[in-house]
Amino acid sequence: GDWAGALKEARQAQQITPNHLEASLLELQARILMVSQASGPAAEREREWQEIDTRLGQLDKTTGGNAQVRLLQAQAAMKRGKSAEAAQLLNGVEKERPTDVRVSVLQAEMLVEQGKLEEAIGVLRATVEQFPQEIEPVRRLAVLFNRQKDQGQCESVIKQAIARMERPEARRDLGLLLAELYHLWAREDAVRQWLTALAQQFPNDIQIKR
């Protein structure tokens, strides 16, 4: 995603309402992912991680252990290779909120970080079954199948999800994901056919240039 753009939006929202929790969480998530992907000096990245840890610790105290804050703490620990700390945080959230889809998604992400792709796929398959209306586990599962160069499974999991989704925006977003993948796979005829069909369903959101 465009985490630089998300970071900018979050900071603008914080200027309007400085103590807005959602904006703070979005800003910190953007920073976590940007620092984890950065290639600058190690000392600079470590300083950024320490700032993120401090901010998350402050939010954890002021919110009384908010689950979203704990999940970000787990994600930060995972991105720094602290898998034991991340697992402990995730287990804590899971005990408090056993039906939180974000816990399962992060568990799968941690398995991916450890190179355990098949286990991650298993977790995501179970998550898709448990939360059939959620698009994030479907998106993550499709990304892993694409990473394994399994176009058939990737296409199938998205199309099955589109067929069962009740929310129109969920069908649209997954439809656009599949169009992006068709383009990535150089299947331009499929891109055109798929986008044409989507444009008929969502004429205000998708416009095909003739």
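Restricting to region 64-82, name every residue that is more than 18 Å from the chain's Cα centre (by Cα) and either in contact (Cβ under 8 Å) with a residue 60 or more places away in the chain or open to solvent by 50 Å² or more (accessible area, probe 1.4 Å) (or both).
Residues of region 64-82 that are more than 18 Å from the chain's Cα centre (by Cα), as a first pass: 64-66, 81-82.
Selection gives G64, G81, K82.
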- [ ] Look through region 110-147, keep the residues that are among the acidic types (D, E) and out of contact with any helix residue (DSSP H, G or I) (no Cβ under 7 Å at 6 or more places or on another chain), and return whichever of them is nearest to L177 (Cα to Cα).
- [x] E129
- [ ] Enumerate the pairs (first residue in region 44-62 and closer than 18 Å to M34 by Cβ; second residue anywhere and open to solvent by 80 Å² or more (accessible area, probe 1.4 Å) and assigned to a helix (DSSP H, G or I)) with beta-carbon separation below 8 Å, excluding pairs fewer than 6 apart on the same chain, so at least 6 apart or on different chains.
- [x] none
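Can you work out which of the residues in region 137-161 that are open to solvent by 30 Å² or more (accessible area, probe 1.4 Å) and either basic (K, R) or touching a Lys or Arg at 6+ places or on another chain (Cβ under 8 Å) (or both) is nearest to G122 (Cα to Cα)?
Going through the qualifying residues, I end up with R140.
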Task: Given (1) of a type outside the set (K, R); (2) at pLDDT 90 or above; (3) surrounded by 15 or more Cβ atoms within 10 Å (Cβ to Cβ), index of the condition A30 fails - done: (2)
Task: Subset of region 113-126 (residues that are part of a helix (DSSP H, G or I) and either out of contact with any Asp or Glu (no Cβ under 9 Å at 6 or more places or on another chain) or among the hydroxyl-bearing types (S, T, Y) (or both)) - done: E113, L117, E118, E119, I121, G122, V123, L124, R125, A126
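Examine region 83-90 for a residue that is farther than 29 Å from R167 by Cα and touching a residue at least 24 places away in the same chain (Cβ under 8 Å), and state whether such a residue exists. Reasoning before the result, please.
Restricting attention to region 83-90, the residues satisfying the condition of being farther than 29 Å from R167 by Cα are 83-89.
Okay, now just the ones that are also touching a residue at least 24 places away in the same chain (Cβ under 8 Å), so 83, 86.
Yes.
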Task: Qualifying residues in region 103-134 (those that are of a type outside the set (S, T, N, Q) and open to solvent by 80 Å² or more (accessible area, probe 1.4 Å)) - the one farthest from K82 (Cα to Cα) - done: E129
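The values are calculated or read from the model by the stated rules, or taken from the named source; none is laboratory data. Given the structure is predicted, the values throughout are model-derived calculations rather than measurements. Neighbour counts run over all protein chains shown; Cβ positions are idealised from the backbone, glycine included. Accessible surface areas use protein heavy atoms only, side chains included; no ligands, DNA or RNA. Shrake-Rupley method; radii C 1.70, N 1.55, O 1.52, S 1.80 Å.
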